[in-house]
1. Which is small (Gly, Ala, Ser) and in contact (Cβ under 8 Å) with a residue 24 or more places away in the chain, of Ser96, Ser47?
2. Do we find that Val112 is within 15 Å of Arg46 (Cα to Cα), outside any loop (DSSP other than H, G, I, E, B), of a type in the set (Val, Ile, Thr) and modelled with pLDDT of 90 or more in this structure?
3. Just to be sure, is Ala78 surrounded by 16 or more Cβ atoms within 10 Å (Cβ to Cβ) and within 19 Å of Arg12 (Cα to Cα)?
4. Given the options Ile64, Ile45, name the one that is surrounded by 16 or more Cβ atoms within 10 Å (Cβ to Cβ), more than 26 Å from Val135 (Cβ to Cβ) and touching a Gly at 6+ places or on another chain (Cβ under 9 Å).
5. Can you work out which of the residues in region 1-39 that are over 13 Å from the mean Cα position of the chain (by Cα) and not in a loop (DSSP other than H, G, I, E, B) is modelled with the highest pLDDT?
6. Taking the criterion of being among the small types (Gly, Ala, Ser), out of contact with any His (no Cβ under 8 Å at 6 or more places or on another chain), touching a residue at least 24 places away in the same chain (Cβ under 8 Å) and over 20 Å from Ile65 (Cα atoms), would at least one residue in region 4-21 satisfy it?
7. Listed residues Ala117, Ala73, Ala60, Ala68; which is over 16 Å from Arg12 (Cβ atoms) and at pLDDT 90 or above?
8. Please tell me if Arg26 is buried (at least 16 other Cβ atoms within 10 Å of the Cβ) and in contact with a Cys (Cβ under 6 Å, 6 or more places away or on another chain).
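The values are calculated or read from the model by the stated rules, or taken from the named source; none is laboratory data. Bear in mind that the values here come from a model prediction, so they are computed numbers and not experimental data. Here the Cβ positions follow ideal geometry from the backbone for every residue, glycine too, while neighbour counts run over all protein chains shown.
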Amino acid sequence: MPSSDVLIVTVRQPWASALFGPKRTRKSIENRKWPVSGGSGWICIRSSKSAPKRSDIQDARRRIIQSAGDLNAIDFDAMPRGAILGLVYVEECITSDTPINVWHNAGDCGWVITKTAKLPQPFQIDPTDKAQTKVWLSKRPSYLAKLRHQLPTHAALS
C-alpha cells in the first residue's frame, strides 16, 4: 500500500491507547459510523487533544476487565493527547445489532483490528493542525517522515 493511501484517524482517549495495549487487553474493534475506504488496510491513529471523559475511562476499565485483560496495561493518568501513536490494520468492517465482542458497540461499523504497530515514541501533532476526524497521511509529509524514522521497514510506509 503506498503511503499516500494511509488514512490518519483521530481517536479519543482512552480508546486510542487501548488500541495498542497488550494482546489480551488490546481493543480489537474501533467503532465508527462509516466503513473504512477500500474495506481493509493500515490506518494511522492519532489521539485527540482533549482530555478523556471520566465516563470513557470507566467504560474502558469495564471492557478491559470483561476481556480478562490487565487493568495496569494502560496508564490512565499518562495517556498521550494530540499525538500519533502508531498504525493499526483493519481487516474488515462489521455492522451488527448484536455486539461481536466486548469492544464492539451494537449498530456501529466495527473496524476489526488484527495487527498493530505501536510507535516506540509517540510524537505530538503540529499545534496548528486543525482537529479533523480523518485526513490522508500524504497531506502531512512531516508526520510520514517521523513514522518512517520509527518504523523504517513497515510496508504501509514504503
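1. Numbers: Ser96 fails: in contact (Cβ under 8 Å) with a residue 24 or more places away in the chain.
Ser47 is the lone residue from the list that is small (Gly, Ala, Ser) and in contact (Cβ under 8 Å) with a residue 24 or more places away in the chain.
2. Working: within 15 Å of Arg46 (Cα to Cα): no; outside any loop (DSSP other than H, G, I, E, B): yes; of a type in the set (Val, Ile, Thr): yes; modelled with pLDDT of 90 or more: yes.
The answer is no for Val112.
3. Values: surrounded by 16 or more Cβ atoms within 10 Å (Cβ to Cβ): no; within 19 Å of Arg12 (Cα to Cα): yes.
No: the conditions fail for Ala78.
4. Details: Ile45 fails: more than 26 Å from Val135 (Cβ to Cβ).
Going through Ile64, Ile45 in turn, just one is surrounded by 16 or more Cβ atoms within 10 Å (Cβ to Cβ), more than 26 Å from Val135 (Cβ to Cβ) and touching a Gly at 6+ places or on another chain (Cβ under 9 Å): Ile64.
5. Asp5
6. Taking region 4-21 and keeping what is among the small types (Gly, Ala, Ser), we get 4, 16-18, 21.
Of the ones still in play, those that are also out of contact with any His (no Cβ under 8 Å at 6 or more places or on another chain) are 4, 16-18, 21.
Still in the list and also touching a residue at least 24 places away in the same chain (Cβ under 8 Å): 4, 16-18, 21.
Filter once more, so that each one left must be over 20 Å from Ile65 (Cα atoms): 4.
Yes: region 4-21 contains one or more residues that are among the small types (Gly, Ala, Ser), out of contact with any His (no Cβ under 8 Å at 6 or more places or on another chain), touching a residue at least 24 places away in the same chain (Cβ under 8 Å) and over 20 Å from Ile65 (Cα atoms).
7. Numbers: Ala73 fails: at pLDDT 90 or above; Ala60 fails: over 16 Å from Arg12 (Cβ atoms); Ala68 fails: at pLDDT 90 or above.
Going through Ala117, Ala73, Ala60, Ala68 in turn, the sole match is Ala117.
8. Working: buried (at least 16 other Cβ atoms within 10 Å of the Cβ): yes; in contact with a Cys (Cβ under 6 Å, 6 or more places away or on another chain): no.
So Arg26 fails the test.
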